[in-house]
Amino acid sequence: MKIKAAENGPYLIEVQEASVKRGDKEEKLAQKTIALCRCGHSANKPFCDGAHKKHGFTGEQAELDIS
Ligand code: FES
């Protein structure tokens, strides 16, 4: 598995299939790349909603390989 941290943005995870569970509700995700918030300002956590741009979040690009 590879997790990327976008420069000044979210964590990006490529998946075959994924779902999110919030309380009692579980939702299947249609997208193949999931963007997770790392700035703390998203109104749709755990996902990135683009709020990092408005808040001027800065963070280095990084890539993590997990085998
Ligand atoms: S990283 Fe995008 S809203 Fe937090």
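The values are calculated or read from the model by the stated rules, or taken from the named source; none is laboratory data. Note that the structure is a prediction, hence the values are computed from the model and not measured. Every residue, glycine among them, receives a Cβ derived from its backbone with ideal geometry; neighbour counts consider all protein chains shown. Note: accessible area is taken over every heavy atom of the protein model, side chains too, but ligands, DNA and RNA are not part of it. Shrake-Rupley method; radii C 1.70, N 1.55, O 1.52, S 1.80 Å.
Quick one: in region 13-43, which of the residues that are more than 23 Å from residue 1 (Cβ to Cβ) and more than 8 Å from the ligand (Cβ to nearest atom) is least open to solvent (accessible area, probe 1.4 Å)?
Among residues in region 13-43 that are more than 23 Å from residue 1 (Cβ to Cβ) and more than 8 Å from the ligand (Cβ to nearest atom), the one least open to solvent (accessible area, probe 1.4 Å) is 23.
I'd like the full set of residues that are open to solvent by 30 Å² or more (accessible area, probe 1.4 Å), part of a loop (DSSP other than H, G, I, E, B) and of a type outside the set (Asp, Glu), limited to region 51-67.
55, 56, 57, 58, 61, 66, 67
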